[in-house]
Amino acid sequence: MHLIRADLHLHSTASDGTWLPHELVAAAKAAGLGAMALTDHESVANIAETEKYAGEANIRFLAGVEISVTKGETCFHVLGYGIDITDVRLLELLAHNDSLLAKKDEDSIGILADKGWPVSLKEFRDYSHDRRRGGWKALCYLQDKGLCRDVGDFFERIFTAENKLGFPVFSSIGETIDIIHNAGWIALLAHAASEMHGPGLTKTMQELSAEKFDGFECYHSRHNEEETRSLLAYCRSNNLMISGGSDCHGTFVKSRNIGEPKIYAENLYLPGLLAGR
């Protein structure tokens, strides 16, 4: 029996990844993937082109998106998988979130300038962000100013409560899931064990148990084996969907490689989208 390798959490230049659609598909092919999904942050702009190249490479393709949500004071990420990338409510939500993130970028530079950092809003507004580098405008600006080493340094030392910096307030989980469902998509919680977007697996599952997720991203590059087993058991006992992916951003996040962890479509449960169970 031929097993199909899958990676259903990938990013491109439409958000904070470094690969254009054809480069992403080429990397997927080189990694031996037979199924892939593009899940850019707050964007479906590269879906159609990536699907075209995936078809030419004989790789099964799922349209996807990763949407930021807020519960309490925490920013979580919701993965939406489906077909319709023209749904008006979905596109309005993505545009709204993108505008919030752009404003947060600008506000962050303003706060750092007020704290005496050698930055200026005028300079930042004139700064051109090359998406091929990955990341986002404020990060790249601070790197080019010699004030930030990389994404890890940004979140550990700069984008902190001590500097009065944090994620904007996004829509609620319930409202976002409703919009995803209205578009004919399914909604899964991304990287539930992540301590960057959530308080860790145990607390996350306690806090979000009442939310109407269709399933969870059980396999992820930041999940250890115990966390993966726990999520799989939870989904199977509650007849919830199971997904997984590397969360690869091209060369932007060095620790995340396409196709890792090794996931097989047969171990996922996305009825109507991918076979398995």
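Taken together, the values in this text are just the output of simple stated rules run on the coordinates, not laboratory data. For clarity, every value in this text was computed on a predicted model and none was experimentally measured. As a convention, Cβ positions derive from the backbone with ideal geometry for all residues, glycine included, and neighbour counts pool all protein chains shown.
The table below lists the values:
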item: Tilt relative to the chain, helix 88-114 - C-alpha long axis, 0 to 90 degrees, to 10; result: 30
item: For the stretch 95-163, diffusion coefficient by Stokes-Einstein and Kirkwood Rh (Cα), 25 °C, 0.890 mPa s, µm²/s; result: 199
item: For the stretch 1-93, fraction of C-alpha pairs farther apart than 19 Å, in %; result: 40
item: Value of [θ]222 nm, deg cm²/dmol, for the chain, DSSP H segments ≥ 4, -39500 (n - 2.57) each, nearest 500; result: -10000 deg cm²/dmol
item: Proxy reagent accessibility, fewest Cβ within 10 Å first, across Lys122, Lys104; result: Lys122, Lys104
item: Selected from His191, His77, His220 as most flexible by GNM, with the chain as the system and alpha-carbon contacts under 10 Å; result: His77
item: Among Cys248, Cys218, Cys140: highest mean-square fluctuation, GNM of the chain, C-alpha pairs under 10 Å; result: Cys140
item: Entries in Lys52/Lys212; Lys29/Lys52; Lys122/Lys164; Lys71/Lys212; Lys164/Lys254 that, when Cα-Cα distance is taken, lie over 24 Å; result: Lys52/Lys212; Lys164/Lys254
item: Cα-only Debye scattering, the chain: base-10 log of I(q)/I(0) at q = 0.09, 0.10, 0.11, 0.12 Å⁻¹; result: -0.41, -0.50, -0.61, -0.73
item: Cα-based Kirkwood hydrodynamic radius, the stretch 141-277, one decimal, Å; result: 16.8
item: Those aspartates and glutamates that a straight Cα-Cα span of less than 13 Å connects to Lys203, excepting residues fewer than 8 apart in one chain; result: Glu195, Glu227
